[in-house]
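J.: My questions all concern the structure below.
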Amino acid sequence: MIEDSRTGAPYEDEATRLGCTDSAASDDYPAIDNCPDVGIGYGIGGPGGLADDKEERLSAKVSATQRVVLAGNHEIKAGLDIEDNRIDNLRAYSGGAYFLLLQDRNQTYAQRWVQLAGADETDPRFDNSCHDNTSDRDFVCDYLGQSGPGTQVQGNTTNWSAYVRDSWQVMPNLTLNYGLRYEEQRLRYAKDLQDTTDGLTGRKLGKNAMTLQGLFAPRVGLIYDWTKEGRSKVYGNWGRYYESIPLDINDRSFGGETQYRQIFDSSEASQCGTNNVPGIGIPGPDCIADDDVIASVDRRLLGSGVLVAPGIKAQYMDEYLIGAEYEILEDLKLGLSFQNRRLGRVIEDVSTDGANTYIIANPGEWSTDEESALESEVADAMSACGDDTAADTPECDLYNRLNGELEQFRGIRVFDTPKRDYNAIQMTAVRRFSKNLFLQASYTYSRTRGNFPGLFSPDNGQVDPNISSQYDLIELLANRDGALPQDRPHYFKLDSYYTYDLKKAGEVTGGVRGRALSGVPIDALAPHALYGTGESFVLPRGEMGRTDFEYGIDLHFGYSKDMSKGMNLEAFCDLFNVLNRQGVASVDENFTYVSPVNPIVGGEYADLVFAKTQTSSGGETADPVQRNPNFRNTAARYSPFAARFGLRLTF
């Protein structure tokens, strides 16, 4: 693929631009870019990244229920759940590597999967050298091909839980539900990495990468009918819910994910030779002919050592709900409820050394007990090392590693504590006008605020639960507190149906569903010098307003008839978005795609004109930002009118 180094987008060379001129005498529109140099490009060779993945879950459950009469009626239930989750994923490029030919600056990028050898590795397949310019270190490595050792990531997580709960009917109109659940999770290193030494961190890897124990999840609820006739209900419940960590972290963090990127100078014969890429006419292929050719522009390991913070605790959410319902008239029920969902603790990866090492941790907190224990280990290691801590001895290597980890773990506390609070008030009305006509409506006012959207990162589309980029670097946290992407304050719902009885001929049903809701917050994003597009919040969350208020109507029509022997045949038609509103689902939130920008902490829209471009190391320059002309323009719309026809047989 040919790419433009300025934008990272596919690049169009002169041969494809013949007959197209910009800013020439014959150009009737000099202010318009008639010949864009992005969006075309050339794909050469194989497909690039290969996928041959398998995921499976084996589970078993057992439970028992006992009813007891004691100060009321009890229904006691206890059970045990166990599951074994596994992945077997391919990690390979077609041809063993992926290449980008950047014609505009005569550079060839070679990127490949590699596996680093530990200090005690003796396998002869580790016969390559990977130099990392960032740390100025050389690593013994193996260039991974399309198959063979190191290309299959076999990961595993084992979870088990036990629970007991009691539904206690104290009186006919009062029920109390309470219970306790206990869970444990064991996330393991990839099979090939177990009982080896991490080539980057120098740590001995055992079987379990992370063990989460002591996960007690109490839950309690109450329902009371003060009318004693089923016409009222006062209810409330509270519960704690722990996250079951998905297998993505086993693949990426505990699977030794490391890529090696080399940047060659295509103009030098000693780098890429004199042969040309067929049909393009630029040098390049000889860069891959000899593994020993040293890339003169840059050599870098993409991937880093992964540590797990000692004493890490599981991610959980607390939820409570209180409400009341009352049938004020016959067949007219009104309800009011309040709901709160709050993240209590989060597991995310953080880096305290500029993305050289990542730590799976609870951002913002680290146990003082674990700190004291590690300090003791550091003191013992220093005593064994002696005064010359720079000495090349196993004792001093251990001291330097442990002391470095201690400083990194302390840095976890510098990060903002993740938070996401959802608060909602809901009013409902349910009316059955007759046996055939039903209507229900609700209005919800809610706010979702914080600095952490959740396991999925809507800001950049990243689906890497617990290891997203949201907490990777301390400088990425600025301006992230505010209205989160799922924040829609107003939400109206209306549902109704009418059934017309045709007696023996069957029945006809018509239904309507209406929805109206607030738009989502709009942010101002920019690239980060290291992490790329959409990672820097130039302004605080939601500073650019919201997308438009949205509404829509769906209709349902059906005809059904009872057949013989208890069977029912139904023909139906569903009409979606009958108003054919194709409202704005999202807008382009990238203020710039080209210029890395530091956040303007607490800034406003008027401050965007003062934004300056970052250097590759993150420093600020005097250069103005190259603004994205599509900023705040529509990026996606809701689906247009659609119809669905169906035939359903039930028996």
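J.: Consider the range 155-175. How many of its residues are open to solvent by 50 Å² or more (accessible area, probe 1.4 Å), over 24 Å from A314 (Cβ atoms) and not aromatic (F, W, Y)?
T.: Qualifying residue count, the range 155-175: 4.
J.: I'd like to check which strands (runs of 3 or more DSSP E) are fully inside the range 46-141 and have at least 3 residues that are in contact (Cβ under 8 Å) with a residue 60 or more places away in the chain, surrounded by 16 or more Cβ atoms within 10 Å (Cβ to Cβ) and under 34 Å from the mean Cα position of the chain (by Cα).
T.: The qualifying strands (runs of 3 or more DSSP E) are 73-90, 98-102, 107-116, 128-132.
J.: In addition: Within the range 371-388, restricting attention to residues that are without any contact (Cβ under 8 Å) to a residue 12 or more places away in the chain and farther than 30 Å from F452 by Cβ, which residue is surrounded by the fewest Cβ atoms within 10 Å (Cβ to Cβ)?
T.: Per the criteria, the residue is D387.
J.: Can you tell me which residues in the range 517-527 are open to solvent by less than 20 Å² (accessible area, probe 1.4 Å) and assigned to a strand (DSSP E or B)?
T.: Of everything in the range 517-527, those that are open to solvent by less than 20 Å² (accessible area, probe 1.4 Å) and assigned to a strand (DSSP E or B) turn out to be P521, L525, A526, P527.
J.: Among the residues in the range 536-546, are any within 30 Å of D495 (Cβ to Cβ) and open to solvent by 30 Å² or more (accessible area, probe 1.4 Å)?
T.: Among the residues of the range 536-546, at least one is within 30 Å of D495 (Cβ to Cβ) and open to solvent by 30 Å² or more (accessible area, probe 1.4 Å), which makes the answer yes.
J.: On to the next question. Yes or no: G206 touching a Phe, Trp or Tyr at 6+ places or on another chain (Cβ under 8 Å) and open to solvent by less than 60 Å² (accessible area, probe 1.4 Å)?
T.: So G206 passes the test.
J.: Restricting to the range 577-605, what's the tally of residues that are assigned to a loop (DSSP other than H, G, I, E, B), within 15 Å of G519 (Cβ to Cβ) and either open to solvent by 40 Å² or more (accessible area, probe 1.4 Å) or out of contact with any strand residue (DSSP E or B) (no Cβ under 8 Å at 6 or more places or on another chain) (or both)?
T.: Summing the residues that are assigned to a loop (DSSP other than H, G, I, E, B), within 15 Å of G519 (Cβ to Cβ) and either open to solvent by 40 Å² or more (accessible area, probe 1.4 Å) or out of contact with any strand residue (DSSP E or B) (no Cβ under 8 Å at 6 or more places or on another chain) (or both) in the range 577-605 gives 2.
J.: Next question. Restrict the check to the range 219-228 and report whether at least one residue is within 23 Å of E184 (Cβ to Cβ) and not acidic (D, E).
T.: Looking through the range 219-228, at least one residue is within 23 Å of E184 (Cβ to Cβ) and not acidic (D, E).
J.: Looking at the range 606-647 only, could you name the residues that are open to solvent by 90 Å² or more (accessible area, probe 1.4 Å) and either of a type in the set (V, I, T) or touching a Gly at 6+ places or on another chain (Cβ under 9 Å) (or both)?
T.: Within the range 606-647, V609, F610, R632, R637 qualify.
J.: Just to be sure I understand the filter: pairs with C-beta atoms under 9 Å, separated by 6 or more residues or on different chains, first member in the range 624-651 and under 30 Å from G558 (Cβ atoms), second member β-branched (V, I, T). Which pairs pass?
T.: Every condition considered, the pairs that remain are R637/V584; Y638/V584; F641/V578.
J.: Taking R420 as meeting all but one of (1) surrounded by fewer than 17 Cβ atoms within 10 Å (Cβ to Cβ); (2) touching a Leu at 6+ places or on another chain (Cβ under 6 Å); (3) basic (K, R), write down the number of the exception.
T.: Answer for R420: the failing condition is (1).
J.: While we're here: So, of the residues in the range 474-488 that are open to solvent by 10 Å² or more (accessible area, probe 1.4 Å) and touching a Ser or Thr at 6+ places or on another chain (Cβ under 6 Å), which turns out to be nearest to G619 (Cα to Cα)?
T.: Q486
J.: Report those strands (runs of 3 or more DSSP E) wholly inside the range 215-303 carrying at least 1 residues which are modelled with pLDDT under 90 and surrounded by fewer than 16 Cβ atoms within 10 Å (Cβ to Cβ).
T.: The strands (runs of 3 or more DSSP E) meeting that bar are 298-302.
J.: Same structure again: What is the residue count in the range 171-196 for residues that are in contact with a strand residue (DSSP E or B) (Cβ under 6 Å, 6 or more places away or on another chain) and more than 13 Å from A209 (Cβ to Cβ)?
T.: Within the range 171-196, residues that are in contact with a strand residue (DSSP E or B) (Cβ under 6 Å, 6 or more places away or on another chain) and more than 13 Å from A209 (Cβ to Cβ) number 11.
J.: What pairs come up if the first residue lies in the range 595-609 and is hydrophobic (A, V, I, L, M, F, W, C), the second is surrounded by 11 or more Cβ atoms within 10 Å (Cβ to Cβ) and assigned to a loop (DSSP other than H, G, I, E, B), and their beta carbons are under 6 Å apart, counting only those six or more places apart or on different chains?
T.: That search, which allows pairs on different chains as well, returns V597/V538; V597/A611; V597/V625; I600/V538; V601/A478.
J.: Need the failing condition index for K504 against (1) assigned to a loop (DSSP other than H, G, I, E, B); (2) free of Cβ contacts under 8 Å to residues at least 24 places away in the same chain; (3) charged (D, E, K, R), just the number.
T.: K504 satisfies every listed condition except (1).
J.: One residue is enough: does the range 459-473 have a residue meeting the conditions in a helix (DSSP H, G or I), out of contact with any Leu (no Cβ under 6 Å at 6 or more places or on another chain), open to solvent by 70 Å² or more (accessible area, probe 1.4 Å) and within 30 Å of S376 (Cα to Cα)?
T.: No, the range 459-473 has no match at all.
Conditions tested, residue by residue: (1) in contact with a strand residue (DSSP E or B) (Cβ under 6 Å, 6 or more places away or on another chain); (2) more than 19 Å from A190 (Cα to Cα); (3) at pLDDT 95 or above.
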| site | (1), (2), (3) |
| --- | --- |
| G46 | no, yes, no |
| D53 | yes, no, no |
| S59 | yes, yes, yes |
| S63 | yes, yes, yes |
| Q66 | yes, yes, yes |
| G72 | yes, yes, no |
| Q111 | yes, yes, no |
| D123 | no, no, no |
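J.: When the residues of the range 328-342 are filtered to those that are open to solvent by 40 Å² or more (accessible area, probe 1.4 Å) and over 31 Å from the mean Cα position of the chain (by Cα), which remaining residue is nearest to N362 (Cα to Cα)?
T.: Among those that are open to solvent by 40 Å² or more (accessible area, probe 1.4 Å) and over 31 Å from the mean Cα position of the chain (by Cα), it is L336.
The values are calculated or read from the model by the stated rules, or taken from the named source; none is laboratory data. Remember, predicted model here, so these are calculated numbers, not experimental data. Positions of Cβ are backbone-derived with ideal geometry, glycine not excepted, and every protein chain shown enters the neighbour counts. We work out accessible area using only protein heavy atoms, side chains counted, and drop any ligands, DNA or RNA first. Shrake-Rupley method; radii C 1.70, N 1.55, O 1.52, S 1.80 Å.
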